[in-house]
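So the structure is just underneath, and the comments pick up after that.
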Amino acid sequence: MPKSPPPKQPTPKDRRRIAEIFDRFAAATADPRTELAYASPFTLLVAVVLSAQATDVSVNKATDRLFAIADTPAKVLALGEAGLTPYIASIGLYRTKAKNVTSLSRILIEQYGGQVPLEREALQALPGVGRKTASVVLNELGIEPAIAVDTHVFRVAHRLKLSRGKTPDQVEADLMRIVPAERRTRAHHWLILHGRYVCVARKPRCEACLIADLCPSRELFIGG
């Protein structure tokens, strides 16, 4: 694993800047939620598993049809892997995901009475569920404040100088350390939405950014 630079302890000025960043996010969008469509812990879990290396839009298109007929572990097992595959064939890595969703549905029935266990260790033991997926589920359901780091969060955290971590886990640790405690539950969503719609990869929309004056990287992009 690449070594991350040692954490830089935030100065009082740093803490004021970080607090202001998240205060502005909160003022603009008080209670952001995932853009994945779901109606239960199980459909949330399945949607998040399917979203790996796929867009929320593509997942929602697939699950709109899938969840209409299979929105419980038992119904997914009744479909079977072969029956599930056509519903998610438009999503990347769909064969592996079909296998994982079918397998985790079987485990939920056999070990948890058809319910999704809402403890991190149990979630991460399910097929296709890693730390990031578990974090998204636990955070979205209000079980555990967590900051799942995807490509958007990774990019925004570095541009805002909130982390120097070289891996998602390192960035997550930095964010959990410096984001004000009262903002941690929604920080994941604010950073994702900011990266998805404003601080985009190739040409960030600094002119539309509500925290541009607080961004150490702004000068790199203005006029670019």
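The values are calculated or read from the model by the stated rules, or taken from the named source; none is laboratory data. Computed from a prediction, not measured in an experiment: that's the story for all the values here. When we count neighbours, we look across all protein chains shown, and the Cβ atoms used for this are built from the backbone with ideal geometry, even at glycine. Note: accessible area is taken over every heavy atom of the protein model, side chains too, but ligands, DNA and RNA are not part of it. Shrake-Rupley method; radii C 1.70, N 1.55, O 1.52, S 1.80 Å.
Couple of notes before you dig in:
- Its relative contact order, with pairs defined as Cα atoms under 8 Å and 6+ residues apart, puts the range 81-162 at 17 percent.
- Each label point was placed 7 Å from the Cα along the Cα-to-Cβ direction; for Ala27 and Met176 their separation is 3.0 nm.
- Taking the accessible area of the range 50-92, probe 1.4 Å, and keeping the other protein chains in place, the carbon and sulfur fraction comes to 57%.
- The Cβ shell under 13 Å around Leu84 holds other residues with a net charge of +4, Lys and Arg each +1, Asp and Glu each -1.
- Cβ-derived FRET efficiency at R0 35 Å, Glu207 paired with Tyr112, nearest 0.05: 0.10
- Counted charge near Ala157, where neighbours are those whose Cβ lies closer than 10 Å (Asp, Glu -1; Lys, Arg +1): +2
- Reported value for the chain: 131 Å³ per residue, from the convex hull of its C-alpha atoms.
- Accessible area of Val57 in the full protein assembly, 1.4 Å probe (Å², nearest 10): 100 Å²
- 15 Å beta-carbon shell around Ile107, net charge (K/R +1, D/E -1): -2
- Simple spin-label estimate for His158 and Ala19 gives 3.0 nm between the two label positions (7 Å along the Cα-to-Cβ direction from each Cα).
- The range 22-105 shape via C-alpha gyration tensor axes, a/c threshold 1.5: prolate
- Computed 3J(HN,Hα) for the range 174-191, one whole-Hz value per residue from the Karplus formula 6.51 cos²θ - 1.76 cosθ + 1.60 where θ = phi - 60°, is 5, 5, 5, 7, 10, 5, x, 3, 6, 10, 5, 5, 10, 4, 3, 5, 4, 5, glycine and proline marked x.
- Estimated inter-spin distance, Thr11 and Ala122, nm [label 7 Å along Cα→Cβ]: 4.7 nm
- In this structure the chain gives 51 Å² per residue of accessible area when probed at 1.4 Å with all protein chains present.
- For the range 37-54, 3J(HN,Hα) computed residue by residue from phi via the Karplus equation (6.51, -1.76, 1.60; θ = phi - 60°) reads 7, 7, 10, 7, x, 5, 5, 5, 4, 4, 4, 5, 4, 5, 7, 4, 6, 8 Hz, glycine and proline entered as x.
- Each Lys and Arg contributes +1 and each Asp and Glu -1, all at the Cβ; summed about the Cα centre of the range 27-124, the dipole is approximately 300 debye.
- Relative contact order [Cα under 8 Å, 6+ residues apart], the chain, whole percent: 21 percent
- Most positive-pole-ward Cα, Phe42, Leu84, Met176, against dipole of the chain from beta carbon charges: Met176
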